[in-house]
Amino acid sequence: MAEKEKAAQPSSFEEAYALLDEYTRRMSAQDIALEESIELYERSARLIDFCQKCIERAELRIETLESEKNKGSAEEKVNE
């Protein structure tokens, strides 16, 4: 594996997801060495954690927006 690839950190959910897709395809190949497969598995686990954190942050943002929207709607009804 290239040193650059080892050090690469995803900058977005989409980038991490694309890397996961690539690693999955490479691990599914019949001619992959065991050590490379294990290394890709470890990287995939880190990418999954990264993606999960991105999803959790997105869910929190949506919940906050929904809460603010509902609060605004409740205030409008009181003012009517």
- Report whether or not Leu19 is modelled with pLDDT of 95 or more, over 12 Å from the mean Cα position of the chain (by Cα) and assigned to a helix (DSSP H, G or I). no
- Item | When residues of the stretch 1-16 are limited to those that are in contact with a helix residue (DSSP H, G or I) (Cβ under 6 Å, 6 or more places away or on another chain) and modelled with pLDDT of 95 or more, the one farthest from Ile38 (Cα to Cα) | Phe13
- Query: If only one of Ala45, Ala74, Ala58 is at pLDDT below 95, in a helix (DSSP H, G or I) and small (Gly, Ala, Ser), which one is it?
  - Reply: Ala74
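The values are calculated or read from the model by the stated rules, or taken from the named source; none is laboratory data. Every value quoted in this text rests on a predicted model; they were computed, and no experiment measured them. With ideal geometry, Cβ positions are generated from the backbone for all residues, glycine too; neighbour counts draw on all protein chains shown.
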